[in-house]
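Asker: Questions regarding the structure given below will be posed in turn.
Just so it is clear, none of the values below were taken in a lab; they were calculated from the coordinates. The shown structure was predicted, so the numbers you read here are calculated from the model rather than taken from an experiment. With ideal geometry, Cβ positions are generated from the backbone for all residues, glycine too; neighbour counts draw on all protein chains shown.
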Amino acid sequence: MNDRKAIDLASKCVRCGFCMDACPTYRLTGIETLSPRGRIRLMSSVMNGETDMTSEIIAGIDTCLGCRACEPACPSGVQYGRIVEHFRNRIEESGVRPKLQHDAKHGILAAMREPHLFSLSLRASRTLSGALAPIMGSSSHGHADMPVPIAQALSGGSSQTLMPETPDSVSVGSLPSFSPAIGERRYSVCILQGCVMRVLYHQTNLATVRVLQHAGCDVHCPPELGCCGALDFHAGNHSSGVEHAKAVLAALRGHEYDAFVINSAGCGSTIKEYGTLLEDDPIWAAEAAGLSAKTLDVSEFIERIGLPGVSLRFPAVVTYHDACHLAHGQGVTDQPRRLLSSIEGLELVPLHESDMCCGSAGTYNLTQPDMARRLLDRKVANIIATGADIVAMGNPGCMAWIARGLKEQGSAIRVMHVVEILAQAISA
Ligand code: SF4
Ligand code: SF4
């Protein structure tokens, strides 16, 4: 996308303010420039050439979670997510961001995209953090997995960075390239292992395969499928995101599947947008649109095809947190709730502000630790108030971040992906 297109999208904003109450950063601060309407005005003024790209403007955009809660609230259909992703790319190319902060952020993203490097980085940073702690000190909240100087470079100086909860032992999981349907074969599907999912939540990937098999699916997982580019697109690295999207399309070229099933909300939201992101590409536009049309979140797909002949039982009180890129990015809110409610013995209880961002938002918890902390505290308090045994969700970033918040509060509430509950319900 170019400035002209982004300006056109932004010009749909009639400044009515209906989006304001949906925006977490505006609700927390009441500051216009930290609202969707205020940010659209800031971005438009730079793109129209009325204002220079200043550090104040960058700060206003950096505090945006990219949660897209403003989109469904907007009666004019402003595609805020597309505008802000374009503008973030502009920020990264402007050279205004301090070099140390820029390099730290992009270094973290590069590590997260490569599962082996991500796993190695997590192990190394824990060791380094432990070794440096007596010299550098640690924040009041603790830097569980990251040395203080790196955390400060990322956040522009804050010493309050809280790291997401990660397993004690991190390694790179690998799914079989083919897992046959159990019982009658009804569909042939492809799944994405994901970068973060493979390292932190391989058990969720295994559960995804198991549930799909029981739903009558042959499950393909081509080993050459890598990062979908979501981390890059959300952070404003457009060209790198496009490269990764094309690599995914190339890996799937020549294969025919009934659906491309995704268990990470951030990845699913991006792949569903490949058609738009690559609409001007003369080689890949049609394939990108085709893949987007076949992409479904795992809860969406299972709810659609059902689990005929499978009895589900899972006695527990469960509440459900809406991941932003599932609820706002994909409009998937009812399907996971209907799936959970269909399980015998499971009581689904409502969560207050279930669709309000938890503050994880990709690398937001590292770059904006203070705002992320306030959102996490609010989310955790709401979860604890439900009295549930388990909080279910559909995105790895939320899982790791909310798990850290619950652990910090000494809560025994478990964090589970919806598909893990389904997999265990089949076994029970
Ligand atoms: S609701 Fe839509 S049109 Fe109204 S201020 Fe927000 S973005 Fe602009
Ligand atoms: S994406 Fe989220 S944080 Fe950003 S302006 Fe919209 S609602 Fe606010």
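Asker: How many residues are under 18 Å from the mean Cα position of the chain (by Cα), of a type in the set (Val, Ile, Thr) and within 15 Å of ligand 2 (Cβ to nearest atom) when one looks only at segment 84-115?
Answerer: So the count comes out to 1.
Asker: I need the full set of residues from segment 41-68 which are in a helix (DSSP H, G or I) and either free of Cβ contacts under 8 Å to residues at least 40 places away in the same chain or within 16 Å of ligand 1 (Cβ to nearest atom) (or both), in order please.
Answerer: Residues satisfying the conditions are Arg41, Leu42, Met43, Ser44, Ser45, Met47, Glu56, Ile57, Ile58, Ala59, Gly60, Ile61.
Asker: Can you work out which of the residues in segment 8-52 that are within 12 Å of ligand 2 (Cβ to nearest atom) and among the acidic types (Asp, Glu) is surrounded by the most Cβ atoms within 10 Å (Cβ to Cβ)?
Answerer: Result: Glu32.
Asker: May I ask you to say which residue of Leu376, Leu366, Leu351 is closer than 25 Å to Leu296 by Cα and not small (Gly, Ala, Ser)?
Answerer: Leu351
Asker: From (1) in contact with a Phe, Trp or Tyr (Cβ under 7 Å, 6 or more places away or on another chain); (2) surrounded by fewer than 21 Cβ atoms within 10 Å (Cβ to Cβ); (3) in a loop (DSSP other than H, G, I, E, B), pick out the condition that doesn't hold for Val96.
Answerer: Val96 satisfies all of (1) in contact with a Phe, Trp or Tyr (Cβ under 7 Å, 6 or more places away or on another chain); (2) surrounded by fewer than 21 Cβ atoms within 10 Å (Cβ to Cβ); (3) in a loop (DSSP other than H, G, I, E, B) except (1).
Asker: While we're here: Among the numbered criteria (1) in a loop (DSSP other than H, G, I, E, B); (2) surrounded by 18 or more Cβ atoms within 10 Å (Cβ to Cβ), which one does Lys246 miss?
Answerer: (1)
Asker: Also: Would you call His234 within 16 Å of ligand 1 (Cβ to nearest atom) and not in a loop (DSSP other than H, G, I, E, B)? Please lay out each step first, then the result.
Answerer: Details: within 16 Å of ligand 1 (Cβ to nearest atom): no; not in a loop (DSSP other than H, G, I, E, B): yes.
Answer is no for this residue.
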